[in-house]
Each structure stands twice: as C-alpha cells, then as structure tokens.
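**Q** Take a look at this one; I'll ask things after.
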Amino acid sequence: MDVKSKILIIGGTGNIGKYLVEASAKAGHPTFALVRESKISDSKRAAIIESFKSLGVIFLHGDLHNHQQLVNAINQVEIVISAVGGDLVAHQVKIIAAIKEAGNIKRFLPSEFGVDVDRAHAVEPAASLSRTKVEIRRAIEAEGIPYTYLVSNGFAGYLIYILNNFGDSFSASLPRDKIVILCDGNPKVVFTKEEDIAAYTIKAVKR
Ligand SMILES: NC(=O)c1ccc[n+]([C@@H]2O[C@H](COP(=O)([O-])OP(=O)(O)OC[C@H]3O[C@@H](n4cnc5c(N)ncnc54)[C@H](OP(=O)(O)O)[C@@H]3O)[C@@H](O)[C@H]2O)c1
C-alpha cells in the first residue's frame, strides 16, 4: 500500500501557502497546518480555515518564533514545507533549529517559490530577499537536512492582483515622471499558476 508522507505546512494561510495545503490534502497526504492560535478565529481567515477543515487538514497551534511549538509540530510529520512571507524568510533559521532538534524530518522545503537565488542577478529590493534565501539554503546544507528548493518563477495570480491594485494602494509609490526599463525591455518573464506550483511542490515530496 502507498503510504503518503505526513506534511506540515508553515505559512499555510498565505498567498502560496493556501494552494500548498490544498494540493497536499487533495494528493492524500495527511496534511498539517501550523496556525497561530490568535489567527485561527480571525474572521478574515474564516473562509480559508473552513475550506481546510473540509479537506481534513489538521491544525496545529504554533508560532514560528516559539521553538517548542515548532518542535512539537515537526515531531508529528515527515516533511516540512515553509511558505512564510518575505519578512520571515530570515527567521527560518528557527525552523532549521527545530528540525535539527526533532531529528525526524525526511525533507525540508524552505520558503522559496521564486527565481533560483543561487543564479539570480536581482536588483533591489529583490536582491536583499534573494541574498537571505541563499543564506537559508546554506544554513540547511550546513546542518545536513535533506532539502528541495522549489523554483517556480512568478505567481500568475499575484501578478494579476498587483496589476488590478496598481491604481489604488500602489499609486503613491509609483514613479510619476520617469520609468526605468531594465535591459533592452525585451527579456522574457515566466509566470506560473499558483495551483500548478503547489501541485508540483507536492509531487516533489514524492511519497
Ligand atoms: N514568485 C512570486 O511571484 C512570489 C510572489 C509572492 C511571494 N513569493 C514568495 O513566496 C513565499 C511566500 O510568500 P507569500 O506572499 O505567499 O507569504 P504571505 O502571503 O505573506 O504568507 C505568510 C504566511 O506566514 C504566516 N505567518 C506570519 N507570521 C507567522 C508566525 N510568526 N508564525 C507562523 N506563521 C506565520 C502567515 O499567517 P497569517 O495568515 O496568520 O498571517 C501566512 O500564512 C516567499 O518566499 C515569497 O518570497 C513569490
């Protein structure tokens, strides 16, 4: 019988996280979502929490900044996927420390979901985030934790969201007199549907 790995998703209510949780549960993996206790009853998250419940997702209360809660959650699974946002990427050293202490994790997928940061030549503000993701890669490798780095390029839905909101919340920070177009203006970009990124991520877990 095909026994599916138990997967913990940290950041499962986020932009890409919610697709990962759904893909994992639909692929038949016992799926655990680490959710901060204060957020689980937040009305803004009600729809997503209900949809997770309908998929049989198991909620574990925990905060990235609480070592013991992380260890307790990690102890219950074989695979850890982090989908924390850019502001928490550096804090994934806390997940690495908890994985080391738990000692049971077969694979860790840190929060990547963008370009291949070891090869990217980004400009700011992306360059700082890329550098931090590189540091997390090196920290995982130094600890000897089995890993997969998920390189997905741009989120298609996220781009549409940004374009739709350009006129509102982003307008204050947009340049008004001059726009710099990098390179010759013709480089190709690749965007991938979030559902496909999530399906591929879960396939990368293998079992
Ligand atoms: N390629 C692209 O186009 C693209 C676009 C955007 C992001 N990304 C990348 O995708 C990755 C995820 O970004 P995202 O935008 O999906 O993230 P996000 O929407 O900001 O989601 C962050 C998640 O982390 C959770 N979280 C926040 N603080 C926490 C804490 N202290 N303890 C535990 N969980 C906590 C949030 O929970 P709550 O819901 O409770 O706040 C949420 O589930 C990042 O690496 C980012 O660079 C790529």
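**Q** Quick one: is TYR158 touching an Asp or Glu at 6+ places or on another chain (Cβ under 7 Å) and hydroxyl-bearing (Ser, Thr, Tyr)?
**A** In short, no.
**Q** Same structure again: The conditions are (1) among the aliphatic types (A, V, I, L, M); (2) within 17 Å of the chain's Cα centre (by Cα); (3) at pLDDT 95 or above, and VAL71 fails exactly one of them. Which is it?
**A** (2)
**Q** Can you go through ALA90, ALA83, ALA25, ALA97 and tell me which one is closer than 25 Å to LYS133 by Cα and in contact with a strand residue (DSSP E or B) (Cβ under 7 Å, 6 or more places away or on another chain)?
**A** Answer to the selection: ALA83.
**Q** A further question on this structure: If you scan segment 90-114, which residues turn out to be open to solvent by 50 Å² or more (accessible area, probe 1.4 Å), in contact (Cβ under 8 Å) with a residue 60 or more places away in the chain and assigned to a helix (DSSP H, G or I)?
**A** None; the set is empty.
**Q** Further question on the same structure: Report yes if ASP184 is at pLDDT below 90 and of a type in the set (D, E, K, R), otherwise no.
**A** yes
**Q** Also, I was wondering about something else. Here's a check for you: in segment 145-165, which residue that is modelled with pLDDT of 90 or more and closer than 20 Å to ALA122 by Cβ is farthest from the chain's Cα centre (by Cα)?
**A** ALA156
**Q** Moving on. Right, ALA127: small (Gly, Ala, Ser) and surrounded by fewer than 21 Cβ atoms within 10 Å (Cβ to Cβ) or not? Even if it seems obvious, please write down each step before you answer.
**A** Values: small (Gly, Ala, Ser): yes; surrounded by fewer than 21 Cβ atoms within 10 Å (Cβ to Cβ): yes.
Yes; evaluated as a whole, the condition is true for this residue.
**Q** Tell me, which helices (runs of 4 or more DSSP H) lie completely within segment 16-76 with 3 or more residues that are without any contact (Cβ under 8 Å) to a residue 12 or more places away in the chain and either among the aliphatic types (A, V, I, L, M) or more than 20 Å from HIS91 (Cα to Cα) (or both)? Lay out the reasoning, then the answer.
**A** Numbers: elements: 17-26, 37-40, 46-54, 67-74.
Fully inside segment 16-76 and qualifying: 46-54.
**Q** Could you figure out which of (1) assigned to a helix (DSSP H, G or I); (2) farther than 18 Å from ILE74 by Cβ isn't true of VAL117?
**A** (1)
**Q** Just checking, which of ASP42, ASP87, ASP63 is within 13 Å of the chain's Cα centre (by Cα) and either surrounded by 18 or more Cβ atoms within 10 Å (Cβ to Cβ) or among the charged types (D, E, K, R) (or both)?
**A** Exactly one residue qualifies, and that residue is ASP87.
**Q** When residues of segment 10-44 are filtered for being more than 9 Å from the ligand (Cβ to nearest atom) and of a type in the set (S, T, N, Q), how many remain?
**A** The number of residues fulfilling the criteria is 4.
The values are calculated or read from the model by the stated rules, or taken from the named source; none is laboratory data. Worth saying up front: this structure is predicted, and the values here are computed from it rather than measured. As a convention, Cβ positions derive from the backbone with ideal geometry for all residues, glycine included, and neighbour counts pool all protein chains shown. To get the accessible areas, we keep the full protein, side chains included, count just its heavy atoms, and leave off ligands, DNA and RNA. Shrake-Rupley method; radii C 1.70, N 1.55, O 1.52, S 1.80 Å.
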